[in-house]
Amino acid sequence: MTRSTTMLTAAGIAVGSLVAYAVYFDYKRRTDATFRRQLRKEKKRVEKSQTPSEASASTGGVDPNELVSALEKIRSEQVPTDHDERHQYFMTQVNMGETMSVKGPAFYMPAALCFYRAIRVYPSPLELIMVYEKSVSQPVFQLVMQLVNLDVKTRAEGYYKFFPRKEMNVAIQNVDVPQEANGQSTGATMRKKVVVCTKDFEPGDLIYMEEAIATALDVDLQGKGTHCSHCLRSIDGGTVIRPDFDRFNSVYCSKDCHMKAKTYSQGILFTLEPPLPEHLVPEAANFSKDERDRAQAAFAEYIQKCGKAAPELMARVIARQVSVETTQMISSMGHSPLANANVVLTDGGDYTFNDHLERLRYLEVAASEEGCKLFKTVLQLAIPGLEHLATEERLSVYLGMMAYNAFGVCFESGRDDKPTPTPRPEDVERTRTPCGTQKQVGAGFYFLSSYLTHSCYPSARPSFNGTSELHLIATRALKAGDLVTIAYVDATQHDDESIQDCRRRRRMELARGWGFACTCSRCALEAGPGDEADSEPKDKSKVSEVVSRLEGV
């Protein structure tokens, strides 16, 4: 298996999260040693029983249609939901696979189907595949991987049939964007995902509402008690909830926000509460609370020093991913999770948090060595093992994802008291907001709204009615199938600006914040002498290599 195939398999069968190895791998390694010994013993027995011709038999002769039919049949089968029943189903399928795999080539396919059925109910599929690779005869293992990869391919290609949910009134489509250099077409195109509406809307109509996956209050407002650290609501008197211990000095407007914040990310990042039930804490977790406290304090100080939302959003998205996967695995093991951080984004399809995350565009940025080290330590002291998967490469991608997709949360006309940025203009953090980043109280990350593309003459606008929940409002009449766009920057012409000045300002902000030159109709119409050449010849955002190859984006 190539590295890219392994990555795709991990994403497609729900083990793209950081927790899959750290929690369940450790749990199964300590409790299922007998099962592993049985598989290793079975491998030796298979090898001894095979003739040379059988041992070299190729699985390439299997009719692809047979694999497709077999996969469809398995998908139609009901899998147990009860923990004990799932365990029994798993052991039955593995035992049947073991029995049939030693009967010769004629039984390789039935054996592979049994092993594949076992994967469906195993909480950490990739870990089980690694066991198969070392324990199951090669011809059978190859068939198992063909089934897995076929399933992954089908799931990947069918993702946008399930996402977004129909109640959101929009769909995702592909468009080919022409690429230019110095005002001239290069002949190349970039395929991008865009949002189109699935019904008609009038100006002012609500298209959809979307809750944030993660939020980050502006650094200068953190701990002041003026805004909720979770929903970003303005707190004017009334009850303010201040946790007894919180390294980020967070405050909340309600018990509900406090509980959600702790469940989604705060519990892992900035409190000393255990993120796992006591009986599931890995044996390696012998760190003191003082060590965890110091690590959290150092990371909180780093975020404050950075003065940007992206590092905090990155940390909170990863922490929520950990929480989602932890919840699912604890439930599948027959235990009650401490809380539920899951989010439902599809109409069926059984897609994971990572399935949504890996498809988003991102900017190529480098995560700081200091930030990576501090964050990895926080993860390690929360759940030992997580730090090995929080690589600098992964964190850089997530950081670039936040930089490209984060929205600025502004209430009404925005605030006027935000400190003036001190970095160079090209280094100032920018978020998607038609009010301008200086007007926001914080930033939010949203899965669906990340697909909204920019136009200086937008067909919709993000609106926030007192919290970080995003309301997408139509700004002009839209027909089903019309493109839904927003302005990433303040596109209004200010009193002291000419048309050309306004055009140059917003295009400069787009180039600095998102790395592309706007090709919208308004920019084309307002172009003056000398405006033809663009310093940014193409969109610098990208998607992962695996997604690019699968979806042609």
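The values are calculated or read from the model by the stated rules, or taken from the named source; none is laboratory data. In this text the structure is predicted, and so the values were computed from the model without any measurement. Cβ coordinates were reconstructed from backbone atoms using ideal geometry, including for glycine residues, and neighbour counts include every protein chain displayed. Accessible surface areas use protein heavy atoms only, side chains included; no ligands, DNA or RNA. Shrake-Rupley method; radii C 1.70, N 1.55, O 1.52, S 1.80 Å.
A few comments on the model shown:
- Counting only protein chain heavy atoms and rolling a 1.4 Å probe, the accessible areas of Glu426, Glu358, Glu392, Glu210 rank, largest first, as Glu392, Glu426, Glu358, Glu210.
- Under 5 Å from the amide H of Leu448 lies no amide H of any residue 5 or more positions distant or on a separate chain, with H modelled from the backbone and absent for Pro and chain starts.
- FRET efficiency, Lys153 to Asp347 (Cβ-Cβ, R0 25 Å, nearest 0.05): 0.75
- Solvent exposure of Lys262, expressed as accessible area, is near 60 Å², computed with a probe of 1.4 Å over the protein chains only.
- Scalar couplings 3J(HN,Hα) for segment 225-238, obtained by applying the Karplus form with A = 6.51, B = -1.76, C = 1.60 to θ = phi - 60°, are x, 8, 9, 5, 6, 9, 8, 6, 4, 6, 10, 9, x, x Hz; x denotes Gly and Pro.
- What the Cβ-Cβ distance of Thr226 and Asp539 gives, at R0 = 41 Å and to the nearest 0.05, is a FRET efficiency of 0.65.
- Using the Cβ of Glu392 as centre and a radius below 14 Å, the other residues enclosed give a net charge of -2, where K and R count +1 and D and E count -1.
- Selection from Pro105, His83, Leu126, by position along the positive dipole direction of segment 68-143 (Cβ): Pro105
- A simple count of charges around Arg120, restricted to other residues whose Cβ falls under 13 Å of its Cβ and scoring Lys, Arg +1 and Asp, Glu -1, yields +2.
- By accessible area with a 1.4 Å probe, ligands and nucleic acids excluded, highest first: order of Val546, Val428: Val428, Val546
- With all protein chains modelled, accessible area of His471 [1.4 Å, Å²]: 20
- Solvent exposure of segment 441-490 amounts to 26 Å² per residue of accessible area, where only protein heavy atoms count and the probe is 1.4 Å.
- Remark: accessible surface ordering of Met100, Met314 (largest first) is Met100, Met314, probe radius 1.4 Å.
- Residues whose amide H comes within less than 5 Å of that of Val489, counting only those at least five positions distant or on another chain, are Thr433 (H built at 1.01 Å from N in the peptide plane).
- Karplus 3J(HN,Hα) series, Hz, for segment 520-525 with 6.51 cos²θ - 1.76 cosθ + 1.60 (x for Gly, Pro): 6, 5, 5, 5, 5, 5
- Counting protein heavy atoms only, segment 403-483 has 51 percent of its accessible area on carbon and sulfur, 1.4 angstrom probe.
- Over 19 Å (Cα to Cα) - which of Lys305/Lys373; Lys166/Lys260; Lys224/Lys289; Lys439/Lys542; Lys260/Lys305 fall in this group: Lys166/Lys260; Lys224/Lys289; Lys439/Lys542; Lys260/Lys305
- Computed accessible area, Lys373, all protein chains, 1.4 angstrom probe, square angstrom: 150
- Subtracting the Cα-Cα distance of Gln78 and Lys199 from 0.36 nm times their residue separation leaves 40.1 nm of extension gain.
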